[in-house]
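Novice: Below: one structure in structure tokens.
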Amino acid sequence: MIFSGNSNLPLAQKLASELGTSLNKAEIIRFADSECRVRLEEDVEDKNVFIIQSLSNPVDEHLMEFLLLGDAAKRGEAKKLIAVLPYHGYARQDRVHRPGECLSAHVVAKLIESVGFDKLITVELHNETILGFFEIPVVHVSGLSVFQSEIEKIKKDVVVITPDAGALKRSQSFAETLDLPLALIEKKRDLNTAHKILSMKVVGDVKDKTAIIVDDVIVTGGTLVNAAYLLKEKGAKQVIAVATHADFVGGADKILQDSPIDCVWVTDTIPVPDDRKFTKLSIFPIASTIAAAMKKMIK
Ligand code: R5P
């Protein structure tokens, strides 16, 4: 049985259809004081149950819906309870960056486990460190494979770019899969101001190349736009920005459209509202990749 929160119903419907079924019914309401109440409208006893939810903006709202859906299924005595998080929110807070900070990704992992989920499927985590925060098995699906065939079409003079040191492992394995060279951007953030970048430097050869910047998520667009300016300045002939998750905040569409980036490729792990779509943007479907992981779990 497949239930979904409200964060990405179109994707949840596609996942259900990939599994040859349709979404099961749940009631999710908000009280006047904004508290959420959830009720599964179908009997889950002894059934394998998937709960789908992208933990995108507004993250806390979506997280709470997801936890309550999980609790309802657990109380309904589901046989196996499987969380499907196409986008895992709080994943960037995977370390204590400054003394006195919380470790949010760890808190979220513990919350998910406290509800009684047996397994988790998630896509393109910010960092695989988070896997160590879970006791339950986690299937970590790469979202980047959906862009592969498109990149193969432009294989000549292409270089994969890591937008910051934290993203190195992801871009390294992507470059290896595609047999492409890799260059690195050294990004220094202001840890006291959210989203503020202090400096960026390119390490590697990008001259006359198509530079493909590979990231996990776009929020303000700042990381990719700053990287694109730098890459063009260093002689890149074309810049393609590739990110699995598009959690665009207001203004990101304009910043990206007006930037030196030639194309922005994302998947539909998070729905992009029509008024945030722009001409340089292409959205690649991720449903079959996630559905393949779901199918393995109920074999
Ligand atoms: C940061 O380390 C992440 O991997 C992304 O690069 C970042 O969160 C993107 O955010 P923005 O679009 O606001 O620069």
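The values are calculated or read from the model by the stated rules, or taken from the named source; none is laboratory data. Please read all numbers here as calculations on a predicted model, not as lab measurements. So basically every Cβ, Gly included, is an ideal-geometry build from the backbone, and we count neighbours across all protein chains shown. For accessibility, only protein heavy atoms count, side chains too; no ligands or nucleic acids. Shrake-Rupley method; radii C 1.70, N 1.55, O 1.52, S 1.80 Å.
Novice: Working only within segment 179-193, note down all residues that are open to solvent by less than 50 Å² (accessible area, probe 1.4 Å) and touching a helix residue (DSSP H, G or I) at 6+ places or on another chain (Cβ under 6 Å).
Specialist: Hit for segment 179-193 is ILE185, nothing else.
Novice: Within segment 63-78, how many residues turn out to be under 14 Å from THR122 (Cβ atoms) and open to solvent by 10 Å² or more (accessible area, probe 1.4 Å)?
Specialist: Result for segment 63-78: 1.
Novice: Collect the residues in segment 169-209 that are in a strand (DSSP E or B), among the aliphatic types (A, V, I, L, M) and at pLDDT 85 or above, keeping them in residue-number order.
Specialist: To start, the set of residues in segment 169-209 that are in a strand (DSSP E or B) comprises 182-189, 197-203.
Keeping just the survivors that are among the aliphatic types (A, V, I, L, M) gives 182-185, 197-198, 200, 202-203.
The answer is LEU182, ALA183, LEU184, ILE185, VAL202, VAL203.
Novice: Filter segment 209-220 for residues that are under 15 Å from the mean Cα position of the chain (by Cα) and within 18 Å of ALA236 (Cβ to Cβ); which is nearest to the ligand (Cβ to nearest atom)? Outline the logic, then answer.
Specialist: Kept after step one, since they are under 15 Å from the mean Cα position of the chain (by Cα), are these residues of segment 209-220: 214-220.
Filter once more, keeping what is within 18 Å of ALA236 (Cβ to Cβ): 214-215.
Details: VAL214: 10, ASP215: 5 Å.
My answer is ASP215.
Conditions tested, residue by residue: (1) open to solvent by less than 10 Å² (accessible area, probe 1.4 Å); (2) assigned to a loop (DSSP other than H, G, I, E, B).
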site	(1), (2)
ALA211	yes, no
VAL214	yes, no
THR220	no, yes
VAL225	no, no
LYS232	no, no
ALA243	yes, no
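Novice: Looking at this structure, is ASP268 surrounded by 18 or more Cβ atoms within 10 Å (Cβ to Cβ), more than 16 Å from the ligand (Cβ to nearest atom) and either in contact (Cβ under 8 Å) with a residue 12 or more places away in the chain or charged (D, E, K, R) (or both)?
Specialist: Values: surrounded by 18 or more Cβ atoms within 10 Å (Cβ to Cβ): yes; more than 16 Å from the ligand (Cβ to nearest atom): yes; either in contact (Cβ under 8 Å) with a residue 12 or more places away in the chain or charged (D, E, K, R) (or both): yes.
Judged against the criteria, ASP268 is a match.
Novice: A further question on this structure: Any residue in segment 151-168 that is open to solvent by 30 Å² or more (accessible area, probe 1.4 Å), outside any helix (DSSP H, G or I) and over 22 Å from THR244 (Cα atoms)? Explain how you work it out, then say what you get.
Specialist: From segment 151-168, those open to solvent by 30 Å² or more (accessible area, probe 1.4 Å) are 152-157, 165-166, 168; that's our starting set.
Retained after the next criterion (residues that are outside any helix (DSSP H, G or I)): 153-157.
The next check asks that each one be over 22 Å from THR244 (Cα atoms); those that pass are 156-157.
Yes: one or more hits.
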